[in-house]
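In what follows, a single structure is set out as structure tokens and then discussed.
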Amino acid sequence: MLATPPDFDVLIVGAGISGIGMAAHLEMECPDRSYAIVERRENLGGTWDLFRYPGIRSDSDMHTLGFVFEPWKHEKSIADAPSILEYLNTIVDERDIRQHIRYSHKIISADWRNDEARWHVAAELADGSQTLLTANFLYLGSGYYDYDEPYDPGFEFRDFKGQVVHPQFWPEDLDYTGKKVVVIGSGATAVTIVPSMADKAAKVTMLQRTPTWMFNRPAKDGIANFLRKILPEKTAYKITRWKNIKLQDFGFKRARKKPDKMAALLHKRILKIMGKDYDLTDFTPPYDPWDQRLCLVPDDDLFEALKSGKADVVTAKIKRFTEKGIELDNGNELEADIIVTATGLKIAVAGKIAVSQDGVPVDFSQRFNYKGCMFSNLPNLAAVFGYLNASWTLRADINSEYICRLLNLMQKTGSDVVVPTLPENHGLEEDDIFDFSSGYIQRALDIMPKNSLSYPWRLNQEYVTDRKIMQDGPIEDGILSLSKAGANAVDADEQLEAAE
Ligand SMILES: Cc1cc2nc3c(=O)[nH]c(=O)nc-3n(C[C@H](O)[C@H](O)[C@H](O)COP(=O)(O)OP(=O)(O)OC[C@H]3O[C@@H](n4cnc5c(N)ncnc54)[C@H](O)[C@@H]3O)c2cc1C
């Protein structure tokens, strides 16, 4: 340890689910460690505060999108953004986290100084000025997408006379009453927006280039609500959480093993609401279920909107944008007053922070994931990238728990530097970072950290296995090296003595 301590033991970037989760784990598992959460926006919640489009809700059940330590108490298991924000705010207040949050702190650079065993972190403040913070450990809960700009598919709207809206920047005062709306996209966002706008709009059309596999289910979980009536809240939550983890895992593995059966099952659910003669072409993707995330349709809302005639789905390619709407490749034209471009997010690595080690820039695409939370040869830094085949928070929780274990081991051994060490001649065989065909993943492959075929150098997609390793596996695994600051580091007392 060095004589002058850094400003914080741990600096958490981002006050979304991941950052708040880490703070809560620190409060529980490392209560004597100092920390701050730095957040570029003026509110907490990240995704759940940024997105304001009609109907914004989770796609996952809140028993797994909620934290392991805090039961989800609402009746609906598929939750809207205000309920998720309420959940996060309660945690922040009840666990004394709020006072640690510094808003309007956009982290722009972080340089690891090995001799000082600390990060020098530069934050841009609301007035454009900068401030410097130091921390021994940097925990990135900065999400996975660019907060400044969404994915740009290169649409040319020059001729279109109506209004164009992107879900990431929804205008507060957008009045779509009686308007013709075209929502471009077929992912979770489009599928949420279409039925939500259908009530007030004259007509909402979901224009998709490629269909998506839809999974309709009730927004309320009958078993969860029954268990809550007969068991203490925490026990009921634990059981429902485990049930959902297992069901999710089973569904994913079954889809990968027997895609035809899963496809038939998903179609059957649609026919149940739409009638047995319904043409399923618009809901038959050219890929197998779970090659991309399934799209949730809670309480059949999308299909109810289609049935009512207030919404429809068109599968076609866009030729060009006209004055009145969209001309399609098949010669048809869709008229629109408002076009919503639900065309996806742009992935960003490490919150777009310029990370460096002793002044040398770190290129994350040249590093290997270590246990899905740290990176090869990069000291004292962890990040959260949630599951693609399960809820994000499952990963956020196990990463926080693991890093708290690690921080406690560092304290016990008097170490202040920890680094997953990978030799240059490692000979690791690389694996696809994600075996998913989703556009946003494919577009980002060249900026994402590398994955090897085997543990620990990968970001795995099997929660049950990962959890066991992160919770019970040895931290000192012969790869993670723990040491004291600087090449000739001496402990804090010795340094103080030497200084006297
Ligand atoms: C519309 C939508 C719906 C989703 N639904 C689901 C779902 O149902 N289930 C699921 O598992 N996942 C879902 N996701 C993924 C979702 O992002 C995660 O569930 C979760 O909210 C991520 O939490 P996070 O804290 O890691 O990131 P975020 O929610 O993105 O929060 C990151 C925070 O970090 C801040 N930040 C970023 N960079 C910096 C910086 N440089 N300096 C300071 N602060 C910074 C941001 O302002 C933000 O507050 C959804 C995503 C979107 C966009």
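Things worth noting here:
- Residue match in segment 23-40 (condition: within 10 Å of the ligand (Cβ to nearest atom), modelled with pLDDT of 95 or more and touching a Pro at 6+ places or on another chain (Cβ under 9 Å)): no
- Qualifying residue in segment 95-105 (condition: in contact with a helix residue (DSSP H, G or I) (Cβ under 7 Å, 6 or more places away or on another chain), outside any loop (DSSP other than H, G, I, E, B) and surrounded by fewer than 17 Cβ atoms within 10 Å (Cβ to Cβ)): yes
- Listing of strands (runs of 3 or more DSSP E) fully contained in segment 286-344 that carry 3 or more residues being out of contact with any Lys or Arg (no Cβ under 6 Å at 6 or more places or on another chain) and surrounded by fewer than 21 Cβ atoms within 10 Å (Cβ to Cβ): 311-315, 318-321
- Verdict on SER400 being buried (at least 24 other Cβ atoms within 10 Å of the Cβ), under 13 Å from the mean Cα position of the chain (by Cα) and either at pLDDT 95 or above or not assigned by TED's automatic domain parsing to the domain that holds LEU294 (or both): no
- Residues located in segment 412-434, provided they are touching a residue at least 60 places away in the same chain (Cβ under 8 Å) and part of a helix (DSSP H, G or I): THR413
- For SER391, the conditions (1) within 16 Å of the ligand (Cβ to nearest atom); (2) closer than 30 Å to GLU116 by Cβ; (3) crowded, with 22+ Cβ neighbours inside 10 Å are fulfilled apart from (2).
- Verdict on ALA383 being within 18 Å of ALA110 (Cβ to Cβ) and either surrounded by fewer than 20 Cβ atoms within 10 Å (Cβ to Cβ) or within 11 Å of the ligand (Cβ to nearest atom) (or both): yes
- Check on PHE67, at pLDDT 95 or above, within 12 Å of the ligand (Cβ to nearest atom), out of contact with any Cys (no Cβ under 9 Å at 6 or more places or on another chain) and closer than 30 Å to ASP416 by Cα: yes
- Qualifying residue in segment 294-308 (condition: in the same structural domain as VAL182 (by TED's automatic domain parsing) and free of Cβ contacts under 8 Å to residues at least 40 places away in the same chain): yes
- Meets criteria (outside the structural domain of LEU247 (by TED's automatic domain parsing) and near the ligand (Cβ under 8 Å from one of its atoms)) for ILE17: yes
A quick yes/no check of all residues on (1) among the aliphatic types (A, V, I, L, M); (2) in contact with a helix residue (DSSP H, G or I) (Cβ under 8 Å, 6 or more places away or on another chain):
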| residue | (1), (2) |
| --- | --- |
| ASP175 | no, no |
| ALA202 | yes, no |
| MET214 | yes, yes |
| PRO218 | no, no |
| PHE226 | no, no |
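- Among residues of segment 34-49 that are in contact (Cβ under 8 Å) with a residue 60 or more places away in the chain and aliphatic (A, V, I, L, M), those with a beta-carbon under 6 Å from a residue that is within 7 Å of the ligand (Cβ to nearest atom) and part of a loop (DSSP other than H, G, I, E, B) at least six positions away or on a different chain give the pairs ILE37/ALA15; VAL38/HIS105.
- Residue check: SER142 meets all listed conditions (1) outside the structural domain of SER400 (by TED's automatic domain parsing); (2) in contact with a strand residue (DSSP E or B) (Cβ under 7 Å, 6 or more places away or on another chain); (3) more than 28 Å from MET274 (Cα to Cα); (4) surrounded by 15 or more Cβ atoms within 10 Å (Cβ to Cβ) but one, namely (1).
- Members of segment 18-55 that are in a loop (DSSP other than H, G, I, E, B), hydrophobic (A, V, I, L, M, F, W, C) and touching a Leu at 6+ places or on another chain (Cβ under 8 Å): CYS30, LEU44
- Residue within segment 359-378 that is within 16 Å of the ligand (Cβ to nearest atom) and among the hydroxyl-bearing types (Ser, Thr, Tyr) present: no
- Whichever residue in segment 149-158 is surrounded by fewer than 12 Cβ atoms within 10 Å (Cβ to Cβ) and of a type in the set (D, E, K, R) and, among such residues, is nearest to the ligand (Cβ to nearest atom): ASP152
The values are calculated or read from the model by the stated rules, or taken from the named source; none is laboratory data. What you are looking at is a predicted structure, and each value in this text was computed from that prediction instead of being measured. Here Cβ is always computed from backbone atoms with ideal geometry, including for glycine, and neighbour counts include all displayed protein chains.
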